[in-house]
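Undergrad: Before we start, here is the structure in question, set down as structure tokens.
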Amino acid sequence: AGAAGAAGAAGAAGAAEVLRVLSWPGYADPDVVQAFEARTGARVEVTLVDSDETLWHKLTAHDASDYDVFAVNTAELQRYIDRGLVVPIDAAALPNLAAQLPRFRNPATLPGTTRGGELYAVPYAWAEMGLIYDRRQFDAPPTSIAALWDARHRGKVLIYNSGSHNFSLAAQVLGKDSPFRLDTDDWAAAVARLVELRRNLLTFYVHPEESAHLFVSRGAALMFANYGTQQLQLLRAAGADVGYVIPREGALAWLDCWAVTRGAGNRRLALAWIDHLLGTGPAHVLSARHGLANTRDPAPHQDETDRLVWLEPVEDVERRNLLWERILSGDRAARVLAP
């Protein structure tokens, strides 16, 4: 009733409806926006963000009343649900959901998109973090995340500089059920594995372009690809003879979704926006123009049977980052774990 009432009130005003969108770069390009405006007669105001922290600040500044719909990854979404800043989504209002790949059509298999049996987020863009390897230095493609620890690659491994992700890699190599949940008894073993990994490192990187430059210029053998196929494309464009694999333990993967705010002035229009972006045109723009995987088309270098481990909130991000900094500084395992 709230959605219908809001829609009726907006229509009664007589002026063009306005949809306020909070988006990441590449998700709401001008031509994609213009097509929606032509279809609906509404006017779209797009605000871009470049970090999860900025997104949170903008949505919480006035209790989610400044925007109608926004893009957020499933791990981050949880705190918006906790604070009551988003509302359930009526899947029946989104006919383009039927065109999504099977793995995105079943909310039960996507941690974080539902709560209490209700849908809070619609998958839109995603990327997996596989392994990129130099074909000349491997007789056969690596099959396990454990290849990062292989002594044969000492001094030739590139890692993304993230305490959160790297403890998840350690959890995977330790065989933990969830890489995002380290129990009290797991920390010592995880730290020991990351100290071992440090010995294998060529160095670490932050940006995709930086990783490609380091890989080529310094003769890396193997890289944990935080940016997935984006890094693969950069390396191949630079002439590198590289391969890309999803390890058998599964690749950590982020999934960005669209969600509707509690303060949405017109929920019907917000849902129309989401359905529009699930169409073939915006999906093609997302992949062809920006190199991001969409939820309609099979992604290159990726098989439907490959295991993806969608990011979830970790048990203690501050502790992970603190211990990772100590590991990078060269501390021994016992000193890393000191209070």
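The values are calculated or read from the model by the stated rules, or taken from the named source; none is laboratory data. Because the structure is a prediction, the values reported are computed rather than measured. When we count neighbours, we look across all protein chains shown, and the Cβ atoms used for this are built from the backbone with ideal geometry, even at glycine. Surface accessibility is based on the protein's heavy atoms, side chains included, excluding ligands, DNA and RNA. Shrake-Rupley method; radii C 1.70, N 1.55, O 1.52, S 1.80 Å.
Undergrad: Report the one residue of H62, P25, A15 whose Cα lies farthest in the direction of the positive end of the charge dipole of the chain (charges on C-beta: Lys and Arg +1, Asp and Glu -1; origin at the Cα centre).
TA: Of the listed residues, the answer is P25.
Undergrad: On the Cα set of region 1-150, report Rg and Dmax in Å, please.
TA: For region 1-150, the Cα radius of gyration and maximum Cα-Cα distance read 19.7, 69 Å.
Undergrad: Net charge around P298, counting only other residues with Cβ within less than 15 Å of its Cβ (Lys, Arg = +1; Asp, Glu = -1)?
TA: Numbers: positive: R103, R105, R296; negative: E128, D297, D303, E304, D306.
After counting each charged neighbour, the total is -2.
Undergrad: Can you pull the percent of region 45-111's accessible area that's carbon plus sulfur, 1.4 Å probe, other chains left in place? Numbers along the way, then the final one.
TA: Numbers: 1540 of 3080 Å².
Taking all protein chains in place, region 45-111 shows 50 percent carbon and sulfur surface.
Undergrad: So how strong a dipole does region 9-128 carry about its Cα centre when Lys and Arg Cβ are +1 and Asp and Glu Cβ are -1, to the nearest 20 debye? Write down the numbers at each step before the final one.
TA: On the way: 9 positive and 16 negative charges, 71 e Å.
That gives a dipole near 340 debye.
Undergrad: Another question about this same structure. For the chain, find the longest principal axis of its Cα atoms and tell me its angle to the long axis of helix 208-217, 0 to 90°, nearest 10.
TA: The answer is roughly 30 degrees.
Undergrad: Accessible area per residue of the chain at 1.4 Å probe, in Å²?
TA: So the chain comes to 44 Å² accessible per residue, rounded to a whole number.
Undergrad: Can you pull the Kirkwood radius for region 88-139, inverse mean 1/r over Cα pairs, to one decimal in Å?
TA: Numbers: mean 1/r = 0.0737 Å⁻¹.
Answer for region 88-139: a Kirkwood hydrodynamic radius of 13.6 Å.
Undergrad: Which whole-number percent gives the relative contact order of the chain, counting Cα pairs below 8 Å spaced six or more residues apart? Display every interim value, and only then the final one.
TA: Working: 579 pairs, mean separation 95.5, N = 339.
Relative contact order comes out at 28 percent.
Undergrad: Still on this structure: Heavy atoms only, probe 1.4 Å: what % of the accessible area of region 138-181 goes to carbon and sulfur, would you let me know? If you can, show how the numbers build up before the last one.
TA: Working: 810 of 1800 Å².
For region 138-181, the apolar C and S fraction of the accessible surface comes to 45 percent.
Undergrad: Just how many % of Cα pairs in region 216-308 lie over 21 Å apart, if you round to the nearest whole percent? Please list the in-between numbers first.
TA: Working: 2078 of 4278 pairs.
Across region 216-308, Cα pairs with separations above 21 Å total 49 percent.
Undergrad: I'd like the Kirkwood hydrodynamic radius of the chain, using the inverse of the mean 1/r over distinct C-alpha pairs, in Å.
TA: Working: mean 1/r = 0.0466 Å⁻¹.
Its Kirkwood hydrodynamic radius stands at 21.4 Å.
Undergrad: Once the Cα atoms of helix 187-200 and of the chain are each reduced to a long axis, what angle between those two axes, in degrees from 0 to 90 to the nearest 10, is obtained?
TA: Result, in degrees: 70.
Undergrad: Between R115 and H57, what's the calculated FRET efficiency when r is the beta-carbon distance and R0 is 22 Å? Round to 0.05. Write down the numbers at each step before the final one.
TA: Values: r = 23 Å, r/R0 = 1.03.
With R0 = 22 Å, the Cβ-Cβ based efficiency is 0.45.
Undergrad: Please list log₁₀ I(q)/I(0) at q = 0.22 Å⁻¹ for region 236-290, using the Debye equation with identical point scatterers on the alpha-carbon positions.
TA: Those come out to -0.99, one per q.
Undergrad: What FRET efficiency do you get for R83 and A188 if R0 is 25 Å and r is their Cβ-Cβ distance, rounded to the nearest 0.05? Please list the in-between numbers first.
TA: Values: r = 35 Å, r/R0 = 1.38.
In this case the efficiency is close to 0.10.
Undergrad: When the chain is fully extended, how far beyond the present Cα-Cα distance does R332 get from D297, taking 0.36 nm per residue of separation?
TA: Working: separation 35, 0.36 × 35 = 12.60 nm, distance 4.63 nm.
Full-extension gain reported as 8.0 nm.
Undergrad: What number do you get for region 120-171 when its Cα radius of gyration is normalised by 2.2 N^0.38 Å, N = residues? Let's see the in-between values first.
TA: Values: Rg = 14.2 Å, N = 52, 2.2 N^0.38 = 9.9 Å.
Relative to the rule-of-thumb radius for its length, region 120-171 sits at 1.44.
Undergrad: Shifting gears a bit: Give the share of C-alpha pairs in each 10 angstrom bin for region 267-339, from 0 to the last occupied bin, in whole percents, shortest bins first.
TA: All Cα pairs, binned at 10 Å, distribute as 15, 24, 21, 22, 15, 4 percent.
Undergrad: Which peptide among 76-82, 52-58 comes first, and what is the full order, when sorted by highest mean count of other Cβ atoms within 10 Å?
TA: Values: 76-82: 17.6, 52-58: 14.6.
Taking the mean over residues of other Cβ atoms within 10 Å, the ranking is 76-82, 52-58.
Undergrad: To the nearest 20 debye, what is the magnitude of the charge dipole of the chain about its Cα centre, counting +1 on the Cβ of each Lys and Arg and -1 on the Cβ of each Asp and Glu?
TA: Working: 33 positive and 40 negative charges, 126 e Å.
The calculation lands at about 600 debye.
Undergrad: Carbon and sulfur together cover what percent of the accessible area of region 248-292 at a 1.4 Å probe radius? Could you put the intermediate results ahead of the total?
TA: Numbers: 790 of 1440 Å².
Answer for region 248-292: carbon and sulfur cover 55 percent of the accessible area.
Undergrad: Next up: Sorted from largest to smallest, which semi-axis lengths in Å does the alpha carbon gyration tensor of region 141-291 give for its equivalent ellipsoid, taking the root of 5 times each eigenvalue?
TA: Working: eigenvalues 227, 105, 30 Å².
Working from the Cα gyration tensor, I get semi-axes of 34, 23, 12 Å.
Undergrad: For region 36-98, compute the orientation-averaged projected area of the C-alpha convex hull (one quarter of its surface), in nm².
TA: The directionally averaged projection comes out at 5.5 nm².
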